[in-house]
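Worksheet: one structure, shown below.
The values are calculated or read from the model by the stated rules, or taken from the named source; none is laboratory data. Keep in mind that what you see is a predicted model, and the values were worked out from it rather than measured. Protein only, heavy atoms only, side chains kept; ligands, DNA and RNA dropped before computing areas. Shrake-Rupley method; radii C 1.70, N 1.55, O 1.52, S 1.80 Å.
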Amino acid sequence: MSDRAPWGHGAPGDARARVTAGIDIGGTKISAVLADGAGGVLARGTVPAPAREGGPAMADAASGLVARLGAEADVVVAAVGVGAAGVIDQAAGRVVAASATFADWAGYPLAQELSARLGVPVRIENDVNAFLLGELRWGAAAGEANVLGVMLGTGVGGAIVLDGELHHGANGAAGEIGHIPGFSDLLCTCGQIGHLETLASGTSIALRYAERTGETLSAPEIAERARADEPAAIEVFAAAGRAVALAASITASLLDLDLVVVGGGLANAWDVLEPAILRTLRTDAPVSGFPLRVVPAVLDGDVVALGAAALAAATAPYAIV
């Protein structure tokens, strides 16, 4: 391992490659990648997230991971981007609100604290926004200007790109597609009724299947049963696919989008989700009549961290190679 500083601007004449780091901060783990200018992953790593220990412990874990990866790869980390769970104030670089999983996270000045630890510029985004940034720069939405991103996992998240730029909205919370109402009469995790998330999240698929069969299985296990033509499994994935397609069509009609990229853990069951999505788009297409494409994400597990690295590249003080 090099004894030179693995982050910062590097000493004059330092010939090491300058790269960006992208960090994906969740409730159970923190992942990071070092990326070159073409989106190539030079190094990656994961550490447990000390979410119950508060913001400083999370910043220590994230900065320590980036420092270790930079030292092992013997590169200069010129800027850092973060995709973090919760509502994010992008301009102030702080977390505005987050779930009860995170102790002392709301209000925490994450960008400032990481920058102080690493000595480089840091930008933060909501994790779903970072997901869409990654797909926009290096994935399924490359070259597109108007895109809806949907992440189907434990919950349902969304992000919007208009005219090639992330759309944050008046309060930084644009794209919260998982919590639009009118999809069922079921209780959502947020306490309200009928949101998209009641049908389309991995958690909800497991609950809806248990209601039908009395069995408690994970969404991937239910997907395997759908592939084996079990009616109850097919039904819950069909309901999820139809709900996603309707939400996509509504959004496309409002914003004149023509592409939706679907990621998250449930995207691994695309083969059982897609038939209902395509059926629904044939009967409930956007009113404009222009075709709406709904496609799976392609950047897999690194997508949030890669999107964060793309965000960082815009602020890097040196060219990224």
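Computed values, structure above
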item: Of 187, 42, 133, the one that fluctuates the most in a GNM where the chain has Cα springs shorter than 10 Å; result: 187
item: Of (i) 145; (ii) 162; (iii) 132, the label for volume of the Cα convex hull per residue in Å³ derived from the coordinates; result: (iii)
item: Share of pairwise Cα separations in region 137-224, more than 16 Å, in percent; result: 61 percent
item: Of all accessible heavy-atom area on the chain, the percent that carbon and sulfur account for (1.4 Å); result: 54 percent
item: Helix 303-313 axis, angle to the chain major axis (alpha carbon atoms, nearest 10°); result: 40 degrees
item: Estimated [θ] at 222 nm from DSSP helical runs (n ≥ 4, -39500 (n - 2.57)) normalised by residues in the chain, nearest 500; result: -11500 deg cm²/dmol
item: Degrees, to the nearest 10: 270-283 long Cα axis against longest axis of the chain; result: 60 degrees
item: Solvent exposure of region 194-321 as accessible area per residue, Å², 1.4 Å probe; result: 44 Å²
item: Between region 258-321 and region 162-214, the Cα center-to-center distance that results, in Å; result: 17 Å
item: Degrees, to the nearest 10: 55-73 long Cα axis against longest axis of the chain; result: 70 degrees
item: Three-way shape label, region 1-152, alpha-carbon gyration tensor, a/c 1.5; result: oblate
item: Quarter of the Cα convex hull surface for region 256-312, i.e. its orientation-mean projected area (nm²); result: 4.8 nm²
item: Kirkwood-based shape ratio for region 206-321, expressed as Rg/Rh from alpha carbons; result: 1.09
item: Gaussian network model of the chain, springs between alpha carbon atoms under 10 Å - residue of 157, 241, 182 with greatest fluctuation; result: 182
item: Listed residues 287, 47, 147 arranged by accessible area, highest first, probe 1.4 Å; result: 287, 47, 147
